[in-house]
Structure formats: structure tokens, C-alpha cells
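Visitor: Below you'll find the structure I mean.
What follows is calculated from the coordinates using simple rules that are stated; it is not laboratory data. Small disclaimer: the values here were computed from a predicted structure and weren't measured. We place every Cβ from the backbone using ideal geometry, glycine too, and count neighbours over all the protein chains shown.
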Amino acid sequence: MRSHCVGRVSRLSVVAVLLASAGAGCGDDTQPFLGEGGADGEPLGPTYVIDIVVDANRNGVADPADPADQDAEEQWDASVGAMFLPNLDDDDADQIRDADDTKMNGGNDALDIVAFRVSACPECSEGSTGKVELDDTAAANVRVFAHGLDGSTWSLVAGETGTCSEEDPTCTPVTAYSLSTEQVRAGAVLAIEGRDVIRQEGGWDGFVELAYSITDAEGTLLTTDANPDGVDRAKMRVAPWLLFGNLTDFDRVWSSSDSGVFVNGIEDATDAAKIEYERYSNYGDQWTQDFFQTGYFAIPIATQDGGVTVHGMRVANARPWGRSNSDASLPIRWLNKNYLGPDQATLAVYHEPHSGDSFDSHGNHDLIPAYSNGGDDYPLGRILIGSGILDETKAFYNAQGLQSPYYIAYTDWLLVGHVDEYLSFVPANTPRGWKLLIASPRMSREMLLEAQAAGNGAAIVHQGKQWYDWDTGGEIPAAISIDDLLANEDIMEASQDAQVTIDEEREKLQAEIGLTDDEIIEMPFLFGQEMYGATSYKIAYQPGTVNALVFGDYIVMAKPFGPQIDGDDIFEAHIREQLGTAMNDLGKDGQGLEVYFTDDWDLYHRLDGEVHCGTNPDASAPFSNVNWWETGR
């Protein structure tokens, strides 16, 4: 930190501002700064400037004239601290993540790197050299570029300057960059990008410790009153990965195009909400939620008018396995071809390709919306996972430090084993801001009993639908009367067992979050059971309406194909009343959600999944109404 040099920098952009001012010594003064003399009137000699500057005050500019940047350059808390992005998108459209090459990628890539500077020292003598250093652990996870004195080129100068990996021990990250006399006198602009994310607690913590020093021609380390040891220091932090949740302001939905009726139902809702709908047909997996999950990186940057805005990128986190053992089937391969692009990053956190199992599909990973309970505060929500997830994935979630520690809702009783089979979250106009949807086979049975008692026992459930016969490869009718369904001991027993487990998990979740009963809405559908090996697992028998796509005040769920009584599907009517009216204070205005049903029977329900399994929403900046860097976490 330097205390004697005052100047002014106009805020145009992160890099442009620094380049415009890099040649100045102190502000606009390029003449040597001399002291006014000692007690005997003799000149004190040159006053050296040893100064590294980062955007500690988070206004998007590393400004040497700003005391807020200078005084807080080594701090990190809810109000101050510099940061940078993992540069894992692809701004030059070469299907290579920008952090995986060794160049600046032009265009909008300038927004994905963060500039810092060393201030000019015009008083430094001929032969003086400078050195910018970064700590060893951080150097393996970042790249540092220096801007040439010609004002036109960037050079990779420090960090992981090769393509280092555990398999290549000869590749050593560069931890220091030397500045020439000309650079020391003129000052220099550098820029940093993250090559990776924080992976696990005990590994790289996401911080980079920067140090700047100057030696004269004789090799003597220069010192100042502000830097008695000759070193000025600063700290930066990489942006963590954050998971989107149902209350995110989504602006796009992904799904396979393989089922026309399913697509039509999703499209009705996305058109009404005026958000983008991406359909793909070039990947052999219709379970769009499962093979990648969506999240984001974000930091504050300067705007052209001197303000500050949020910039970052959507991030697709790939599942560790594909539908075959070939590398071509891996989700990360498809994502790098079809998702990766400007402000769209890809990420894989698993150790080994083709590892994990159904538990590692991302329908088993979700986000409890923001809440506080007792002394626990989760302003950006809390990651919710089911059973059996890979250890490195759990370590990754906790290492981000913002939506952790994760909460486990056990799912090993389910055939597919995913939390979205019995839990979901919707916005509400309540103090908490949301409510929990939970599967209720008990309610489904009660509704069917009520219909039977009213003389409608012959009404048909699943009219016109077919089950897939795994033994023959053909189809068998799914239609069944209310009377026969209620008399089916296997389904009634499976539903009762499922209800016991759901009640146990509900009780634990309520205690953890502090949810009251009126903050929980039961979604009626029965469960069946299937054998896998010697063990019986539960699976939705009726379409699982809790397994829903939520964006804004819109919800899309599986058409239940319940019995038609007086012209209405009793399950659709019940859900519309519960979710689509003011009854439960849902939606931002409390007047209910916009409820849509789509036919997911053939491609999803009878193959053991539903709407949430087959869709995946994401969002662009600003991503959240809470800035992660202001949480203090």
C-alpha cells in the first residue's frame, strides 16, 4: 500500500482504465517526486513507489488513487476484497475453454479476466527491476497476463503457463514475473484468470496472494515507509461455483426434442413466460436434468458510465458417466460441443470418467432456497443431495463455502434414487418466500376413496395409456378403475411404505429448516415397487407431479391422467386449486402459480422419470438478487 501518491482515474472499463493510466507515475504527474528537504534543508532524494493495486472496493477498477483499494487490498469480508472469474467459457468459439489455451481470446474475453496493476515508479534508477510474485498453490490454478508497452499485445507471464497435469510432473507453474526498468518506471497492467474452481477443502482455497517488489541495479531491495520490508501485498479470490435453484430468475429451458407432446407442453409455458426454449436431438439421453446441472460464476465489473454491474457466466456441471462406456458418450463431451460458448462454461468435478451411478445424476442434487433457522443463515440457499453421491462431488459442494454444508435427504429407498422424485420448491408471497412441495401417496389414496364413496369406483385412471413390457418389448394397458386400483395390494402396500419414509424425511427437513406445516403442500400420487436384484425399490405409479419444472411464477408438471369425474381430471383440478389460486399464497404476488401440464407418459413416466428429469433451466447475469461477495461467507 502506498500513501503519498494521489491521482485520478476515470472508470471506462476494467482493462481500458488501467491501460490508459499505466504510463503515469502519480496520477498525471510524470516528473520525479522529490521530498521537500530534511532539517538541514538538504533534499531527501527520490521517493520510490512500490505499489500493487487490486479492486479491493469492488467498483470494478483497481485504482491507485482510491484509498478504499489501497487500504483493503489484503482483506476479504462482506464489504471489501478483490475477486476474479474461473475463465471456463469459450469466447472465441473454438470449442476450447478460454482458460485451457495460452492466449487472450479477444472480444468479450476481456470481461472474463480481471486487471490489476503495479504503479509507476519514475524515480527508480536505471537498472531497477520489479518482480510480481504469486503463491505456489494459487499459481497452479490461475494464469497471469502482462500488457506490452506497445499497448497492443498481451503475454502469458505467470501461473500455469503450460498445460500442467498430475501426469506431467515436469510442468511447473511460474510463480514470478520480472519487470524491466522501463516497465518499473512506466507502471504495468496485468490480468488474471482462473483456470479452475475450488475443488475440495484442504486444497486450493481460491485465494491468490500477490506480492510486488523492486530492486536497484546493484540488486538491493528498495524500501519505503509504507513498505519497510520492500514488498507490497494484495489478495484476490476466485469466484465460487453456485447452484441455481427453483427460485432463480431463469431465462432459458433445455430439453430433448424426442417427444413431441412433451415439447408442446413445455413450449406452451415458456412462450407464456417469454423465455427461451432450447431443444436438442443430437444426444442419446432425454434425461436433461440428469446429465448436467446448471450454476454460475459472478463478479462485479465497471460499466461505461462509471457504475458497477454483475458479470459472469452460466456453468454446466457434467455428470461423470454417459449411456455407454465410450468417452464419446460422456456428458462433458456433448456439453463442450453444444453448450460451451460466450458466457457459457463447462465443468467436471469427478475424478474418473465413467464413475458413479444413478445417485450422481443431477436429479439427485438440488437447492433448498434461501432460509434462516436459529443461528444458521443461507442467503444463497443450501445444497440438497440424496444418497450415494461421489465423495469428490460432496467435497466440491462444501468447498465453495456459500451453499454449504449440504443437507442429505435420503433417496436409497427409490428405484431411481433422486430427491426430485418426492421434493420440490415453489415461490410464495410469505416471509420465507417459498414453500415445499412433497409427494403424498396418502392424499392420493384418500382422493380415490372419496371418489369411490361418491359412486365413481368405475372411473378409469390412466385412460388410454400403455405400460412398457420389459419382458416382451411390447406394451400392456395401463388403464385401471378406481375400484381395482384401491384393491391392488401391491400398490397400496408400496404407497404406504413410501409414505412412512416420506414422513420421516419431512420431519427431519422441517426440523432442519424450521418449516411449519402450512409451508408444505402435498402432491398426490401413488407409488409402486420394482425389484432390483434382491431388493424392492419404490417408484411413482401415477405420474409424479412433484417432479416439476419451475421458473418464475410458472410450473410445468406431468399430466396425471387421473379419473375423469364430471368432466374434470380430479388430480389436475386438485393441483390447480392448490397451486394456481391464492389458497396457498404461491407466486410472487401470492395469487398462485401459472400451472401447466404436459404429457410425459411415453418417454418419461413409464421409463421411471417425469418433467423435472427431462428439463433443465438456466439463467444469465445478474443470476441472483443476492451478491455472494456481500454475504460474508
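Visitor: Would you mind checking K274/K435; K559/K588; K274/K465; K394/K559; K435/K559 for any pair whose Cα atoms are more than 27 angstrom apart?
Guide: Values: K274/K435 24 Å; K559/K588 24 Å; K274/K465 32 Å; K394/K559 34 Å; K435/K559 22 Å.
Listed pairs above 27 Å: K274/K465; K394/K559.
Visitor: Would you please give the FRET efficiency between T581 and E446, computed as 1/(1 + (r/R0)^6) with r the Cβ-Cβ distance and R0 = 22 Å, to the nearest 0.05? Could the numbers behind the result be given before it?
Guide: On the way: r = 20 Å, r/R0 = 0.92.
Approximately 0.60, to the nearest 0.05.
Visitor: Sticking with this structure for a sec: What FRET efficiency would be calculated for the residue pair S324, V231, taking the C-beta separation as r and a Förster radius of 45 Å, to the nearest 0.05?
Guide: Using R0 = 45 Å, I get an efficiency of 0.25.
Visitor: Shifting gears a bit: Say R0 is 35 Å: what FRET efficiency, to the nearest 0.05, do N398 and Y532 get from their beta-carbon distance?
Guide: So the FRET efficiency works out to roughly 0.70.
Visitor: Could you quote the convex hull projected area for segment 349-441, Cα atoms only and averaged over all directions, in nm²?
Guide: Working: hull surface 28.1 nm².
About 7.0 nm², averaged over all directions.
Visitor: Stretch E218-H354 to full length: gain in nm at 0.36 nm per residue minus the Cα-Cα span?
Guide: Details: separation 136, 0.36 × 136 = 48.96 nm, distance 5.76 nm.
Taking 0.36 nm per residue and subtracting the Cα distance, the gain is 43.2 nm.
Visitor: Under a plain spin-label model, where a point goes 7 Å from the Cα along Cα-to-Cβ, how far apart in nm are D503 and S178?
Guide: 7.5
Visitor: Okay, next question. Roughly what would the spin-label model give for L607 and D469, points 7 Å off Cα along C-beta, in nm?
Guide: Going by the 7 Å Cα→Cβ label model, 2.1 nm.
Visitor: Something else: Over all directions, what mean area does the Cα convex hull of the chain project, stated in square nanometres? Each step should come with its number before you reach the end.
Guide: Numbers: hull surface 129.3 nm².
Projected over every direction and averaged, the Cα hull of the chain covers 32.3 nm².
Visitor: Something else now. Could you tell me the extents of segment 475-598's C-alpha atoms along the three principal axes, largest first, rounded to whole Å?
Guide: Answer, in whole Å and largest first: 47, 41, 23 Å.
Visitor: Next question. Find out how many positive minus negative residues lie around D566, taking Lys and Arg as positive, Asp and Glu as negative, among other residues whose Cβ is under 14 Å from that of D566.
Guide: Details: positive: none; negative: E450, D568, D569, E572.
With Lys, Arg at +1 and Asp, Glu at -1, the neighbours total -4.
Visitor: For a footprinting-style exposure proxy, rank K435, K588 by other Cβ within 10 Å, fewest first.
Guide: Numbers: K435 23, K588 13.
In order of increasing Cβ crowding within 10 Å: K588, K435.
Visitor: Pull out the extension gain between D376 and D268, defined as 0.36 nm times the separation in residues minus the alpha carbon to alpha carbon distance; nm, one decimal.
Guide: Working: separation 108, 0.36 × 108 = 38.88 nm, distance 3.95 nm.
Roughly 34.9 nm would be gained on extension.
Visitor: Is segment 418-481 best put as rounded, prolate or oblate by its Cα gyration tensor, with a ≥ b ≥ c the root eigenvalues, rounded for a/c under 1.5, and otherwise prolate when a/b is larger than b/c, oblate when not? Present the calculation step by step, with values, prior to reporting the outcome.
Guide: Values: a/c = 3.54, a/b = 1.49, b/c = 2.37.
Since a/c reaches 1.5 but b/c is at least a/b, the shape of segment 418-481 is classed as oblate.
Visitor: Go ahead and collect, in residue order, the members of segment 109-153 whose backbone nitrogen is under 14 Å from a label point 7 Å along the Cα-Cβ direction of T309.
Guide: Flagged as within label range: 111-112.
Visitor: On to the next question. In nm, to one decimal, how far is the F207 label point from the A458 one, both placed 7 Å along Cα→Cβ?
Guide: Result: 7.6 nm between the two label points.
Visitor: Still on this structure: Can you give the extra length, in nm with one decimal, that the chain gains between T137 and Y410 once fully stretched, where that is 0.36 nm per residue apart less the Cα-Cα distance? Each step should come with its number before you reach the end.
Guide: Numbers: separation 273, 0.36 × 273 = 98.28 nm, distance 3.62 nm.
Separation in residues times 0.36 nm, less the Cα-Cα distance, equals 94.7 nm.
Visitor: Cα centroid distance between segment 568-601 and segment 477-495, in Å?
Guide: Their Cα centres are 25 Å away from one another.
Visitor: Could you grab the relative contact order for the chain? Cα pairs under 8 Å, six or more apart, rounded to a whole percent.
Guide: Worked out over the chain, it gives 14 percent.
Visitor: So what's the convex hull volume per residue for the Cα atoms of segment 374-497, in Å³? All intermediate terms of the calculation are to be shown ahead of the outcome.
Guide: Numbers: hull volume 23.4 nm³, N = 124.
Value for segment 374-497: 188 Å³ per residue.
Visitor: If you plug each phi of segment 50-64 into the Karplus form 6.51 cos²θ - 1.76 cosθ + 1.60 with θ = phi - 60°, what whole-Hz ³J(HN,Hα) values come out, in order, with x for Gly and Pro?
Guide: With coefficients 6.51, -1.76 and 1.60, one gets 10, 8, 10, 10, 10, 7, 6, 8, 6, 9, x, 9, 7, 10, x Hz.
Visitor: Using helices alone, what [θ] at 222 nm do you get for the chain, with -39,500 (n - 2.57) per DSSP H run of 4 or more residues, divided over all residues and rounded to the nearest 500?
Guide: -5000 deg cm²/dmol
Visitor: Which far-off residues, 5 or more places away or on another chain, put their amide H under 5 Å from the one on S424, with H placed in the peptide plane?
Guide: Excluding prolines and chain starts, which carry no amide H, the hits are L437.
Visitor: Could you go through segment 534-541 in sequence order and give the Karplus-derived ³J(HN,Hα) for each residue, using 6.51 cos²θ - 1.76 cosθ + 1.60 with θ = phi - 60°, rounded to whole Hz, and x for Gly and Pro?
Guide: 9, 10, 9, 10, 9, 8, 4, 8
Visitor: Counting only DSSP beta bridges with both residues in segment 243-630, what percent are antiparallel, rounded to the nearest 5?
Guide: Percent antiparallel among DSSP bridges in segment 243-630 is about 70.
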